[in-house]
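Chemist: I'd like to ask you about the structure that follows.
What follows is calculated from the coordinates using simple rules that are stated; it is not laboratory data. Not measured: the values here are computed from a predicted model. Using ideal geometry, Cβ is built from the backbone for each residue, glycine included, and neighbour counts are taken over all protein chains shown.
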Amino acid sequence: MPIVSVSLTEKNLDVLDRMQEAFGLKGRSEAIRVCLRSTEDEIREREGLVGMVEGVLVVVHETHNSKDLDHIRHDFRELIYTQIHSHLKNEKCLEVFIINGDAEDVRRLIMDFRSTDDLEYVKFVQS
């Protein structure tokens, strides 16, 4: 296999080590391959979105004051039918969005959320 050099934060390394232990993986390289397969599955799901799409978008972030979240929510307000905001433990917040719109717009919304460093978790579940 080719060897690839990657720069990671301490937090990234902690996550890799926890993954390795939780899944009984042999090393960090195997943990990264698991992440890549998971991401590949998500890409396939996103590419499968066609026509009008309806579903639930779940987002978790560290504080309820996320400027990026507010900006994205404003940009895609025509897709968001309902939003629920809940305070979780450890200064985290949960956002649940009911989404309905054209697949391409939904993909852009998901991509914008995923590219934001403030958000810890983003998952779209199509209905």
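Chemist: Cβ under 11 Å from Lys92's Cβ, Lys92 left aside: what net charge do those residues give with Lys, Arg +1 and Asp, Glu -1? Could you put the intermediate results ahead of the total?
Modeler: Numbers: positive: Lys89; negative: Glu62, Glu91, Glu95, Glu120.
Surrounding charge for Lys92 is -3.
Chemist: Also, I was wondering about something else. Given charges of +1 on the Cβ of Lys and Arg and -1 on the Cβ of Asp and Glu, with all other atoms neutral, how large is the dipole of the chain about its Cα centre, in debye to the nearest 20?
Modeler: On the way: 17 positive and 25 negative charges, 71 e Å.
Here the size comes out at about 340 debye.
Chemist: I would also like to ask the following. Under the definition of Cα pairs under 8 Å and six or more residues apart, what whole-number percent is the relative contact order of the chain?
Modeler: Values: 157 pairs, mean separation 36.4, N = 127.
Rounded, it is 29 percent for the chain.
Chemist: Kindly state, as a whole number, the per residue volume in cubic angstrom of the convex hull around the alpha carbon atoms of region 1-43.
Modeler: Normalising the Cα hull of region 1-43 by residue number yields 93 Å³.
Chemist: For the chain, set up a GNM with springs between Cα atoms under 10 Å and report which of Glu78, Glu95, Glu21 has the largest fluctuation.
Modeler: Glu21
Chemist: With a sphere of radius 12 Å drawn around the Cβ of Arg18, what net charge do the other residues whose Cβ falls strictly inside it have (Lys, Arg +1; Asp, Glu -1)? Working shown, then result.
Modeler: Numbers: positive: Lys11, Arg28; negative: Asp14, Asp17, Glu21.
Around Arg18, the charge tally is -1.
Chemist: Now for a different question. Looking at the chain, what % of the alpha carbon pairs are farther apart than 26 Å?
Modeler: 33 percent
Chemist: Still on this structure, please answer the following. So how much slack lies between Asp118 and Glu40, counting 0.36 nm per residue of separation and subtracting their Cα-Cα distance, in nm? Intermediate results must be reported in sequence, preceding the final value.
Modeler: On the way: separation 78, 0.36 × 78 = 28.08 nm, distance 2.26 nm.
Computed gain between Asp118 and Glu40 is 25.8 nm.
Chemist: Lys11: which lysines have alpha carbons under 22 Å from its alpha carbon, excluding same-chain residues fewer than 8 sequence positions away?
Modeler: Cα-Cα hits under 22 Å: Lys26, Lys89, Lys92, Lys123.
Chemist: Averaging over all projection directions, find the projected area of the Cα convex hull of region 24-66 and quote it in nm² with one decimal place.
Modeler: Values: hull surface 21.5 nm².
Taking the Cα atoms of region 24-66, their convex hull projects to 5.4 nm² on average.
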